[in-house]
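One structure is given below, encoded as structure tokens.
The values are calculated or read from the model by the stated rules, or taken from the named source; none is laboratory data. Computed from a predicted model, the values in this text were never measured in an experiment. All Cβ positions, glycine included, derive from the backbone under ideal geometry; neighbour counts span all protein chains shown. Please note that ligands, DNA and RNA were not included when accessible areas were found on the heavy atoms of the full protein model with its side chains. Shrake-Rupley method; radii C 1.70, N 1.55, O 1.52, S 1.80 Å.
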Amino acid sequence: MLAASCCDRRMCVCPGPRRIAIPVRSSRLPLLSDAMPAPAHLFPLIRNCEISRICSTVCYCHHKHLCCLSSHFAHGHFRYAPQKKFAALYRPKENFNHFIHARDYASAPQRFYLTPPQVNSILKANEYSFKVPEFDGKNVSSVLGFDSNQLPANAPIEDRRSAATCLQTRGMLLGVFDGHAGCACAQAVSERLFYYIAVSLLPHETLLEIENAVESGRALLPILQWHKHPNDYFSKEASKLYFSSLRTYWQELIDLNSGETTDVKEALINAFKRLDNDISLEAQVGDPNSFLNYLVLRVAFSGATACVAHVDGVDLHIANTGDSRAMLGVQEEDGSWSAVNLSYDHNAQNEHEVERVKMEHPKSEEKSLVKQDRLLGLLMPFRAFGDVKFKWSIELQKRVVESGPDQLNDNEYTKFIPPNYHTPPYLTAEPEVIHHKLRPQDKFLVLATDGLWETMHRQDVARIVGEYLTGVHHQQPIAVGGYKVTLGQMHGLLTERRARISSVFEDQNAATHLIRHAVGNNEFGTVDHERLSKMLSLPEELARMYRDDITIIVVQFNSHVIGACQNEEL
Amino acid sequence: MFLRLLSDTRWRAANPKWRRMTCSRRSTSSTQELHPASLPAQAQVVICGGGITGTSVAYHLSKMGWKDIVLLEQGRLAAGTTRFCAGIVSTARHVSIELKMADYSNKLYQQLEQETGVVTGYVKTGSISLAQTQDRLISLKRIASSLNVMGIPCEIITPKQVAQLHPLINIHDLVGAMYVPEDALVSSANVSLALATAASRNGVQIYERTSVSHVAVQNGRVTGVETDRGQIQCQYFVNCAGQWAYELGHSGKEPVNIPLHACEHFYLLTHPLKEPLASSLPTIVDPDGRIYIRNWQGGILSGGFEKNPKPLFTEGRNQLEIQNLQEDWDHFEPLLSALLRRMPDLEALQIMQLVNCPESFTPDMRCIMGESPTVRGYFVLAGMNSAGISYGGGAGKYLAEWMVNGYPSENVWPLDLKRFGALQSSRTFLRHRVMEVMPLICDLKVPRWDFQTGRQLRTSPLYDRLDAQGARWMEKHGFERVKYFVPPGKDLLDLDQSKTFYKPDWFDIVGSEVKCCKEAVCVIDMSSFTKFEISSTGDQALESLQYLFSNDLDVPVGHVVHTGMLNEKGGYENDCSIARLSKRSFFMISPTDQQVHCWAWLKNRLPDDGNLTMEDVTWKYTALNLIGPRAVDVLSELSYAPMTPEHFPSLFCKEMSVGYANGIRVMSITHTGEPGFMLYIPIEYALHVYNEVMNMGQKYGIRNAGYYALRSLRIEKFFAFWGQDLDAFTTPMECGREFQVKLDKGMQFVGQEALLEQKQSGVYKRFTMFILEDHDTDMDLWPWWGEPIFRNGRYVGKTTSSAYSYTLERHVCLGFVQHFDEKTGEELVVTTDFINQGEYEIDIAGQRFQAKAKLYPFSSLFTHRRRKDEVELSGYQRE
């Protein structure tokens, strides 16, 4: 399940979606050129980009895994060989959006056409919904349920998602993970992180009980109840290794027994750091099993961001590492929707992050730390799991790679040392945790990887999800009041509103609905089927250039329960 | 709002006494001054609700001479649904009793202004019901037929004529229309106030801002009313609380189930047109577009019944006040589209308001009227299904008659509260059902439609078995009954497509079931029948039943008696079969929907004697009907008992074993006139007995059959069914069942005098069977029921049921023939000669078919199969 990392937008300078508009007029790519005519002044750059070759290698990589990395390197597309001409292509995403929106579909060829059912089957392939069961008609959880979905752009997808209910403590965990340089790290984090968090939250007695159970070979108390889509898998091979690392962690927690009640914020931070540490250690120690050995190395050398929500009653904690984002949908008194950010992106656009990185390293490195809005000119997120290339010392990296399996040793990527690499670590997995007390007007939470946020403004996300969840009736009602409205005008207005609403009913899943908008929105903010159909029928190797993997979890809150909790607290 | 302001002032101007009482209210809002007059300590009647129904009941009661009446209104008079009502009086109704009520209301409102001096806004505008499809036109033609024989002018017109009557209508998509010139518009609040004014003059005391908290009941009788302003003792309570009637019914210790539920209802008011519409312009009803349009102050008022109604007040009234309901334009959009399609010129017309006016709906789209089966003296009139103005006058009259005389002047069983029981009172059921009922107001009413919501509530233990064998279901009183069985591999049309006025797609299926009943044996699950057991320690049971039933029940043990349960006028309150199980216990079988009515009737009339017990055992027995000549073979093989007529004569009942199961009550009746048996099986044995019967029956060609086959069989045999053919206004003499009446049984019984008199003076209507002569089953419209019957070109009555007879290969209609004097219209005695000497025609949607009238079934046709049914049938031949 190793992913091709060649086209990863984060780790590679080859064109990513929306960051760099891809102007193509090559006769070898008629599909693309027809669908996406590009401004002529960008044309000369194409040759350098050698898109066709990239594309072919993507397909190739799919089968050959890491080996393709070397081919990339040889072709000079590898992202950490900074090339100024590519950097020149760098455009603010708004420009790209504008470009896309301004496109004229009139001449679009019909071969792109997918029927609405085909579009739906693509959009709905990965959708998953979970409803918190009601007890005696009284739902005691502040979470009503959640909808989640993914739309791949990479093949295979590098995003991961997780959701689970804590069984030994209260609360629910939900998270999205955006992998780069392969999906290994995102996969591992999606499997392991919630266990680390749950263990961090457990009281001392429960930890003891669990440890005793393991010791005496008794059945273990279940810690998490997972809510997984059938496509969300766990790696069987590594489970023993992962478990022993986890066990070591709780044993340490038992020994440390501070006697203090567990603070959620601290638990989240500890869990993130500990897991990253374990990933790093496992790679350093290696495993006698060659498959596992290779796996832990792949996990460590790839990277992943994480955005995790912990909901317990009215207490909502968001722990974020990287550039995925959590956003709260708030319904105002007048029924309109607004968005509240519950996380900060860890990237070059975040001044505080840039500041932090610069503080952590000597002044001499100030100039080389952040280049072209990337860490060391390479990495877009400023915090991430894995990515030991940005964490280990050069000696350690060399030692591990040399003693590692041949596949690793042959891989140019793993051998490559970032430029200006003087005072590692440059990267951390430590999350920023935001605590929010839920209010009755907080109707839902959206966790999504940057694939969504690149295409949609959070305000639109709030409105679309809000209107979807509340249905037609909460669309801002029309009142005639004292205005002079004729029947004809009203009829026109209503017909238009209905058209907008009808797209809502196609989806049973809020996340799917959001993806539909993210991919298919036209300049009027309504879903354009033709556009949607084109975007989804892009060949695998091109999809990545027009969009990123999108993973979304929409958590719906129970305002009644939240209201009741609030009253109790008052 | 506008209506309201108008009406307030006029009402007070017309009633000086009232003004004195309430004038303070306008100047101050202080609550002490709101109630200057204290409530009386007692009254004969307390009416709760000052809407159109409450005021109409008060008006009619006071007219009939009852004076000691108090009417309580929680808010202000005519302030609820009545205030918002669109004010259309329309007589175009499907059900005959509703048609009569609407007709009476129309006539009442017309003279009300003259009578009371209160301006009612009555304008005779006429109404036009449009048809966009041929099926709709058929439906309208059927209504037109009934209107015409009622003497209400009505004609079917062409689209062109529509355009002449109304200048704004787009007629391009119309196939025809029905014009009722005497339909009217009123200001509903003012009508209500006029009725209140008249009632008040007749002595009715009216109190506003007084709400009833509950009704006090003692020993099953109303004793008083508890209000927020004190207590009133009373003998009668009338619940006219509209959409609050359900809650009010449940507020007391003894709940009264009034199954109704409110839905939001929207209509649009506009500013006047540039050239204001004439106030005499006819009202337009466009059922295919689901809308109605009337002229309103130079503009229009248009509302409708959408496909996706919004039920409200499910959890009770504490959610919202009527006045605060929101306009919902998005919800109204389909109706607005329909309006602009019908009248495109209105595009430029300016909107004034979208009114949200909740209406209450009932589970079967008919209003609720009558006395509670559990609390005597507790009357109800509510659930008008958005036709409160059309029905209000007539309904009030019937209820007043009911209270004063003990019975109304027309058969109101279709509206009787007792057609419902507790089982229709679940809020979830009502919420779901009314969401189906409200759109139905505009849907095409085709024969044999069934409700789709609130199903599978009561089922036989065999339900799953039968369903798996292709059963198609209908529902009666919450009970699932089989219509017919679709053979494997054969698929019928979707429900929507099978709606037709012509030959239905199940024709051949039912035909083969009927054939099997005639030639082999069929089994029909008839568990839905109401079953009571009445027993006593001494002779009390026999004595009481002899008094309450017209036939002689003092028969040897093991005999089954068909008998009517008659009222004082000799009319059928119930038609049942009673088996004498032992000297002192009786097993009584009645139609399914009699469960509440019959129970209440008997409870109120059986002596209050601890030694006499009556039990509803409906749920204890599964009933299988084995119909056909080979039933006897199947049963004798299963029981090792001879079942031939010598050993098991007709109308006989015996407990015996069937298969392994013992204690099965076997009766030699089939309710169809065919040979066979009814098996009453304790439910735990049901599956076993069914399996045994089906296994054993295989070699005799047994198969499942449904009620459609049963219906065809009983109608061709001239069997009348209560609730369809028979009602409280039909006596045994009128339907050829004198043999079921034992005038000389040696003791008095209810209805005896009336029957004696009828026997001497003759009957004024006669149940008759009609065989359609020139009717093409494949091509012509099928008869249903309610078709006018013409004798020598003159209207003489209506059909009550009809079916295709697979034996006669003709349609058979059953119905009553009356004899109206040609000059005076007076009802005359109907003699056998009158029936026999006439040329008959049946009018199906305006088309007349020749029919042959018969007073006796085709005995000759059936003789060779009539083995065990001689006794059952002989009654008919005796006359």
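At 20 °C and a viscosity of 1.002 mPa s, what translational diffusion coefficient does Stokes-Einstein give for the range A:339-448, taking Rh as the Kirkwood radius over Cα pairs? Give it in µm²/s as a whole number.
Numbers: Rh = 16.1 Å.
Value of D from the Cα-based Kirkwood radius: 133 µm²/s.
First measure r as the distance between the Cβ atoms of A:Lys367 and A:Glu333, then evaluate 1/(1 + (r/R0)^6) with R0 = 45 Å and state the FRET efficiency to the nearest 0.05.
Once the sixth-power term is evaluated, E becomes 0.35.
Let me cross-check B:Glu568: its accessible surface, 1.4 Å probe, with only protein heavy atoms counted, in Å² to the nearest 10?
For B:Glu568, the solvent-accessible surface is approximately 110 Å².
Using the Cα centre as the reference, give the magnitude of the dipole from point charges on the C-beta atoms of chain B (Lys, Arg: +1; Asp, Glu: -1; all else neutral), rounded to the nearest 20 debye.
With Lys and Arg at +1 and Asp and Glu at -1, about 1180 debye.
Keeping the other protein chains in place, figure out the carbon and sulfur percent of the accessible area of the range A:174-230, with a 1.4 Å probe. Write out the running numbers ahead of the final one.
Details: 980 of 1820 Å².
So the carbon and sulfur contribution to the accessible surface is 54 percent.
Can you give the Rg to Rh ratio of the protein assembly as shown, both from alpha-carbon atoms, with Rh computed by the Kirkwood formula?
On the way: Rg = 40.5 Å, Rh = 38.0 Å.
That ratio is 1.07, to two decimals.
Let me spell out the model: positive unit charges on the Cβ of Lys and Arg, negative unit charges on the Cβ of Asp and Glu, origin at the Cα centre of the range B:419-538. What dipole size does that give, in debye rounded to 20? All intermediate terms of the calculation are to be shown ahead of the outcome.
Values: 19 positive and 16 negative charges, 82 e Å.
So the magnitude is around 400 debye.
Considering the dipole of the protein assembly as shown built from charges on the beta carbon (Lys and Arg +1, Asp and Glu -1) around the Cα centre, which of B:Val95, B:Phe729, A:Pro203 is farthest to its positive end?
Selected residue: B:Val95.
So if R0 is 25 Å, what FRET efficiency would B:Gln760 and B:Glu827 give, r being the distance between their Cβ atoms, rounded to the nearest 0.05?
For R0 = 25 Å, the calculated efficiency reads 0.90.
Taking all protein chains as present, what is the carbon and sulfur share of the accessible area of chain B, in % to the nearest whole number, probe 1.4 Å?
Of all accessible area on chain B, carbon and sulfur atoms account for 48 percent.
Using a 1.4 Å probe, what is the accessible area per residue for the range A:314-432, in Å²? Provide the component values of the computation, followed by the final result.
On the way: 4940 Å² over 119 residues.
With the other protein chains kept in place, the range A:314-432 gives 41 Å² per residue.
Tell me: how much accessible area in total is hidden between B and A, 1.4 Å probe, Å², nearest 100?
1600
Averaging sequence separations of C-alpha pairs under 8 Å and six or more residues apart, then dividing by the length of the range A:306-387, give the relative contact order as a whole percent.
Working: 121 pairs, mean separation 19.7, N = 82.
It comes to 24 percent, rounded to a whole number.
Given labels modelled 7 Å from the Cα in the Cβ direction, how far is it in nm from A:Arg498 to B:Tyr502?
According to this spin-label approximation, the distance is 3.1 nm.
Rounded to the nearest 5, what % of the DSSP beta bridges within chain B are antiparallel ones?
Numbers: 129 of 153 bridges.
The answer is about 85 percent antiparallel.
In nm, to one decimal, how far is the B:Ser280 label point from the B:Glu519 one, both placed 7 Å along Cα→Cβ?
Going from the B:Ser280 label point to the B:Glu519 one covers 6.6 nm.
So how do A:Glu205, B:Glu637 rank on accessible area, 1.4 Å probe, biggest first, that is with the largest at the start?
Ranked list, largest accessible area first: A:Glu205, B:Glu637.
Could you tell me which residue out of B:Cys85, B:Trp601, B:Val215 lies farthest along the dipole of the protein assembly as shown toward its positive end? Charges go on the beta carbon: Lys and Arg +1, Asp and Glu -1, centred on the Cα centre.
Towards the positive end, the residue furthest out is B:Cys85.
With the contact rule set at Cα under 8 Å and sequence spacing of 6 or more, what percent relative contact order holds for chain B?
Value for chain B: 11 percent.
Please calculate how many Å² of accessible area the range B:406-551 carries per residue, with a 1.4 Å probe and no DNA, RNA or ligand atoms counted. Write out the running numbers ahead of the final one.
Numbers: 5520 Å² over 146 residues.
For the range B:406-551, the per-residue accessible area is 38 Å².
May I ask you to give the solvent-accessible area per residue for the range B:723-866, in square angstrom, as obtained with a 1.4 angstrom probe?
Heavy-atom accessible area per residue stands at 44 Å².
For a label point 7 angstrom out from the Cα of A:His204 toward its Cβ, which stretches of the range A:238-252 have the backbone nitrogen within less than 14 Å?
Residues A:252 qualify, since their backbone N sits under 14 Å from the label point.
Compute the orientation-averaged projected area for the range A:185-236 from the convex hull of its Cα atoms and round it to one decimal in nm². List each step's numbers first, then the result.
Values: hull surface 18.0 nm².
Result: a mean projected hull area of 4.5 nm².
Run the helix sum for chain B: -39,500 (n - 2.57) per DSSP H stretch of 4+ residues, divided by residue count, reported at 222 nm to the nearest 500 deg cm²/dmol.
Mean residue ellipticity, 222 nm, calculated: -8500 deg cm²/dmol.
Please quote Rg/Rh for the range A:374-431 to two decimal places, taking the Kirkwood radius as Rh and restricting both calculations to Cα atoms.
0.97
Compute the convex hull volume of the Cα atoms of the range A:114-210, divide it by the residue count, and report the result per residue in Å³ as a whole number.
Details: hull volume 12.5 nm³, N = 97.
Dividing the Cα hull volume of the range A:114-210 by its residues yields 129 Å³.
For the range B:594-650, which chymotrypsin sites (Phe, Trp or Tyr not before Pro) pass both filters: DSSP loop (anything but H, G, I, E, B) and at most 16 other C-beta atoms within 10 Å?
Passing both the DSSP loop test and the Cβ count: B:Tyr640.
Could you pull the Rg and Dmax for the range B:287-423, using just the Cα atoms, both in Å?
18.7, 57
Any idea of A:His513's accessible area? Nearest 10 Å², probe 1.4 Å.
Per-residue accessible area (A:His513): approximately 0 Å².
Measuring from the lowest to the highest alpha carbon on each principal axis, how far does the range A:235-285 reach, largest first, in angstroms?
Result, largest extent first: 36, 20, 18 Å.
When all protein chains stay in place, what accessible area (Å², nearest 10, 1.4 Å probe) is found for B:Glu822?
140
State the percentage of accessible surface on the range A:331-458 attributable to carbon and sulfur atoms; use a 1.4 Å probe and exclude ligands, DNA and RNA.
48
Separation between the B:Ser512 and A:Ser235 pseudo-spin-labels, each 7 Å from Cα along Cα→Cβ, expressed in nm?
Each label point is offset 7 Å from its Cα along the Cβ direction, giving 6.3 nm.
Where both partners of a DSSP beta bridge lie in the protein assembly as shown, what percent of those bridges are antiparallel, to the nearest 5? Please list the in-between numbers first.
Values: 197 of 222 bridges.
Once the DSSP bridges in the protein assembly as shown are tallied, antiparallel ones form about 90 percent.
Pull out a ≥ b ≥ c, the square roots of the eigenvalues of the alpha-carbon gyration tensor of chain B, then state rounded if a/c is under 1.5, prolate if not and a/b is larger than b/c, and oblate in the remaining case.
Details: a/c = 1.84, a/b = 1.45, b/c = 1.27.
It comes out prolate by the Cα gyration axes.
Give, in nm to one decimal, the length gained when the segment between A:Glu266 and A:Ser290 is fully stretched (0.36 nm per residue of separation minus the Cα-Cα distance). Can you show the working numbers first?
Working: separation 24, 0.36 × 24 = 8.64 nm, distance 3.59 nm.
Computed gain between A:Glu266 and A:Ser290 is 5.0 nm.
Restrict the search to the range A:225-264; then list the GluC sites (Glu not before Pro) that DSSP places in a loop and that have at most 16 other Cβ atoms within 10 Å of their Cβ.
A:Glu237, A:Glu260
With every atom except the alpha carbons ignored, what do you get for Rg and Dmax of the range A:369-514, in angstroms?
25.7, 81
Place a +1 charge on the Cβ of each Lys and Arg in the range B:426-488 and a -1 charge on the Cβ of each Asp and Glu, then give the dipole magnitude about the Cα centre in debye, rounded to the nearest 20.
The dipole of the range B:426-488 has a size of about 160 debye.
For B:His647 and B:Val557 in the same chain, what is the full-extension length gain: residue separation times 0.36 nm, less their Cα-Cα distance, in nm?
Additional length available on full extension: 30.9 nm.
For B:Tyr236, B:Tyr690, B:Tyr685, give the ranking by accessible area with the largest first, probe 1.4 Å.
Ranked from most to least accessible, the order is B:Tyr685, B:Tyr236, B:Tyr690.
For the range B:341-402, taking Cα atoms only, what is the radius of gyration to one decimal and the Dmax to the nearest whole Å?
My reading of the Cα-based Rg and Dmax gives 18.0, 57 Å.
Given a Förster radius of 60 Å and the C-beta distance between A:His560 and B:Asn170 as r, what FRET efficiency does 1/(1 + (r/R0)^6) yield to the nearest 0.05?
Computed FRET efficiency for A:His560 and B:Asn170 comes out at 0.80.
Hey, what does the equivalent ellipsoid look like for the range B:118-207, semi-axes from the Cα gyration tensor as sqrt of 5 times each eigenvalue, largest first, whole Å?
Equivalent-ellipsoid dimensions as semi-axes: 35, 15, 10 Å.
Please average, across the residues of B:328-341, the number of beta carbons from any other chain that are within 10 Å of each residue's own beta carbon, and give a whole number.
For peptide B:328-341, the averaged partner shielding equals 4.
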